[in-house]
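S.K.: Here you go, one structure.
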Amino acid sequence: MKLLILFQAGEFSSGSMMNERKLLRESLHCRLPSLIISEAKGRKEAMEIIRISLPDLIFIDIRLPDGNGLEVTHQIKKLHPDVKVVTVSSYDEPEYRDAAFRCKADHYVAKDNLMSLFSGILSETLSG
């Protein structure tokens, strides 16, 4: 299984000093050592990775250094409707969640809940 992580650099939560990408990558690798994990620093790099090596699952931050994660989600789903896209945000607000689903995200997760929910999302992706 191939995974792409596209997050804005920063803290996982206000009290954590560990980079969210590193935390997610290490946690995923420990639970699924055969998982192939790619990372992108922005929209352009992500679209190139998707073009070269289509991932099965993408975790994408709403806020990106070079674009809007919702627009990128919509673009990915338009080109590759079978790829599972999990939109991630620092805010667990209904308007963000609704916007993510309008852009065809498969899941919406607040960053504070991401680590507790990613196992279920991975299991769902692996099963079909």
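Only the coordinates and a few stated rules stand behind these numbers; no lab work does. Keep in mind that what you see is a predicted model, and the values were worked out from it rather than measured. Quick reminder, even Gly has a Cβ in these numbers, built from the backbone with ideal geometry, and neighbours come from all protein chains shown.
S.K.: For ALA110 paired with LEU54, estimate the spin-label separation in nm (one decimal), with each label point 7 Å from Cα along the Cα-to-Cβ line.
M.R.: Once both label points are built, they end up 3.5 nm from each other.
S.K.: Related question: Where q = 0.15, 0.22, 0.32 Å⁻¹, what log10 of I(q)/I(0) comes from the Debye formula for segment 53-100, counting one point per Cα?
M.R.: -0.37, -0.77, -1.28
S.K.: If we sort 30-40, 58-68 on the protection proxy, mean other Cβ atoms within 10 Å, highest first, what's the order?
M.R.: By packing density, highest mean first, the sequence is 58-68, 30-40.
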